[in-house]
Amino acid sequence: MESINYQNFRIDAENICVDYNGKVALYDANLRLKPGQICGLVGMNGAGKTTFFNALTGFVNISKGKIRINGESVRSAQKDQTIAYVPQSEGIDSQFPINVWDVVMMGRYGSMNIFRCPRESDVQAVKDAIERVDLTDHLSTPIGNLSGGQRKRTFLARAIAQRASILLLDEPFSGVDIRTEKLISELFIQFKNEGKTILLSTHDMIHVREFCDLVLLINKTVVAYGETSEVFTPENITTTFGGISPDFLFGPES
Amino acid sequence: MELCSFLTLDSLITDPLTHDFMRKALLMSSLVAAVCGFLSSYLTLKGWALMGDAVSHSVMPGVVVAYALGLPFSLGAFIFGVGSVALIGFIKQKSRVKEDTVIGLVFTGFFALGIVLVSKIKSNIDLHSILFGSPLGISLSDVKQTIIISLLVVILLSIFRKDLMLYCFDPRHAKTVGINVLFLHYLLLTCLSLAAVVGLQSVGIILVVAMLITPGATAYLLTDKFDNMTIISVLSAIISSLIGIYISFWFDLETGGSIVLAQTFIFLFAFLFAPRYGIFKLKKFFAGYK
């Protein structure tokens, strides 16, 4: 008899439920992801995508179910810097007086001492991360002066600097320029080869086909989950979006 | 006309310093301003202006009760400051009333309780000095309390400077990398209560919220770097306090009001002439001449 080895899964969410003051945001949701897998999280606004992310990062508590990150609790995943969260553009105050370098340095806070004094290795990690997202010319630019794409890359660099093995990205492609989109897709391939696990939410169906090995369709609970080629069908998408035809979402040619 | 010869700039500045109460007022108000200015950066970025107003008004009954019982007034103020925040959180969670409404009704309730208590408790409480501050009449025991509380707040804010910035900027990331967000939330609230307690001596309960938000708002218009924002905020708070006290001395005006007015004028100046974010954008103006 073979028992399931939870260590094999980077993310293992089992029957999780989240409610806010009695209002159910997500119920009986399951997700299992292995190293090197990229999974798309697809659903309407209010379908529980951000809630799912919040549950995985421990930002909200789950009322039922179990989450294991690398076989351990969310709490120890936080301590180990296992998960990085890249917020959607609307999720942050772009007028906050902070520059690119300092934002990316925040990726290192969790592994610094209490005063958050950067060590040599932290500085190096930040430098490398900023280089990978091609923002070396903008080290001291306030985030308010960046374009939407540059700001997105800044937060991606923060996740890279954190050296997390799991990346959660909330709408990584929304409001970005072509150059950023290309850079992000290249990074995804690199991340995959490095064995990182990626969960990204998106409205864009084409991106799902392009990048995602797996897809998780949700509408308060899991509508369908599996290999993109098998699960990402017009029927499932229609169900997920409450009856709207996929033609409307994709355009008629797909 | 004779008078004019005495009123040199030098004597205007130095004469008040010959009075013991003025030296004390200038020193203590600068200290209080520095503490409030430091905290101000966080409160304006976090959007806690209304919370600052609530806490500062809610300390009123605490001050009255502490005076009546002969306890340090900062203790009473602190308990009611934190208590008001707890109550706001509780009512918000347990009812469908919106947050700003809850804040408004809780702090006015506490404030009213304070006023009723003053009228009932027979003591030598000077309502005027609680409401409007009395930096010129600060007692020795108040000085001690103020110094201790100020140091405490400055030390706490200095230790958790970066964490608090991260908490204001992106609490979700803070949580994700294992930083205790709940602790930071209550730390900021505690500092807010303590700063309100020391601030009310300078400008009184009614205006203390100005000490907690105006310097930060001024600094926010002048810089894009958080550290600079803190420095500018502290400096503008101290300068306003000094200007306010001098002006109130020269023209025999209410001191607390003068301090806050000085802060308001500095803010207006920044609002109009800040290099990048001012109405007239001086930077562009000068660039045009090059």
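Just name the residue that is farthest from the other protein chains (Cβ to nearest Cβ) out of those in segment B:131-176 that are among the small types (Gly, Ala, Ser) and within 14 Å of B:Gln201 (Cα to Cα).
Among those that are among the small types (Gly, Ala, Ser) and within 14 Å of B:Gln201 (Cα to Cα), it is B:Gly137.
Looking at A:Ser185, A:Ser174, which is the one that is surrounded by fewer than 22 Cβ atoms within 10 Å (Cβ to Cβ), among the hydroxyl-bearing types (Ser, Thr, Tyr) and part of a loop (DSSP other than H, G, I, E, B)?
A:Ser174
What residue, among those in segment B:70-91 that are in a helix (DSSP H, G or I) and in contact (Cβ under 8 Å) with a residue 40 or more places away in the chain, is nearest to B:Ser129 (Cα to Cα)?
B:Phe73
Being surrounded by 22 or more Cβ atoms within 10 Å (Cβ to Cβ) and within 14 Å of another protein chain (Cβ to nearest Cβ) is the filter here; which residues of segment B:180-208 pass it?
none
When you scan segment A:106-123, how many residues do you find that are surrounded by fewer than 23 Cβ atoms within 10 Å (Cβ to Cβ) and either among the acidic types (Asp, Glu) or touching a Pro at 6+ places or on another chain (Cβ under 9 Å) (or both)?
Residues flagged as surrounded by fewer than 23 Cβ atoms within 10 Å (Cβ to Cβ) and either among the acidic types (Asp, Glu) or touching a Pro at 6+ places or on another chain (Cβ under 9 Å) (or both) within segment A:106-123 amount to 3.
Would you confirm whether or not segment B:130-151 contains a residue that is on the phi > 0 side of the Ramachandran plot, part of a helix (DSSP H, G or I) and either among the aliphatic types (A, V, I, L, M) or buried (at least 21 other Cβ atoms within 10 Å of the Cβ) (or both)?
Checking segment B:130-151: not a single residue is on the phi > 0 side of the Ramachandran plot, part of a helix (DSSP H, G or I) and either among the aliphatic types (A, V, I, L, M) or buried (at least 21 other Cβ atoms within 10 Å of the Cβ) (or both).
So which residues in segment A:75-128 are among the basic types (Lys, Arg), more than 9 Å from chain B (Cβ to nearest Cβ) and farther than 20 Å from A:Thr141 by Cβ?
Passing the criteria: only A:Arg119.
For (1) over 24 Å from B:Gly47 (Cα atoms); (2) free of Cβ contacts under 8 Å to residues at least 60 places away in the same chain, each residue gets a yes or a no:
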{"position": "A:Arg75", "(1), (2)": "yes, yes"}
{"position": "A:Val86", "(1), (2)": "no, no"}
{"position": "A:Gln95", "(1), (2)": "no, yes"}
{"position": "A:Val103", "(1), (2)": "no, yes"}
{"position": "A:Met112", "(1), (2)": "yes, yes"}
{"position": "A:Arg119", "(1), (2)": "yes, yes"}
{"position": "A:His138", "(1), (2)": "yes, yes"}
{"position": "A:Arg151", "(1), (2)": "no, no"}
{"position": "A:Ala161", "(1), (2)": "yes, yes"}
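Checking B:Ile125 against (1) part of a helix (DSSP H, G or I); (2) closer than 24 Å to B:Ile259 by Cα; (3) of a type outside the set (Gly, Ala, Ser); (4) touching a residue at least 40 places away in the same chain (Cβ under 8 Å): exactly one of these is not met. Which one?
In the conditions (1) part of a helix (DSSP H, G or I); (2) closer than 24 Å to B:Ile259 by Cα; (3) of a type outside the set (Gly, Ala, Ser); (4) touching a residue at least 40 places away in the same chain (Cβ under 8 Å), B:Ile125 misses (1) alone.
From the set of residues in segment B:1-39 that are part of a helix (DSSP H, G or I), of a type in the set (S, T, N, Q) and farther than 21 Å from B:Gln145 by Cβ, which is modelled with the highest pLDDT?
B:Thr14
Quick check on my filter: what residues within segment B:76-97 are surrounded by fewer than 17 Cβ atoms within 10 Å (Cβ to Cβ) and among the aromatic types (Phe, Trp, Tyr)?
The one that is surrounded by fewer than 17 Cβ atoms within 10 Å (Cβ to Cβ) and among the aromatic types (Phe, Trp, Tyr): B:Phe90.
The conditions are (1) free of Cβ contacts under 8 Å to residues at least 40 places away in the same chain; (2) buried (at least 19 other Cβ atoms within 10 Å of the Cβ); (3) among the aromatic types (Phe, Trp, Tyr), and B:Phe107 fails exactly one of them. Which is it?
(1)
The values are calculated or read from the model by the stated rules, or taken from the named source; none is laboratory data. Treat the numbers as computed from the prediction; the structure is a model and nothing was measured. Every residue, glycine among them, receives a Cβ derived from its backbone with ideal geometry; neighbour counts consider all protein chains shown.
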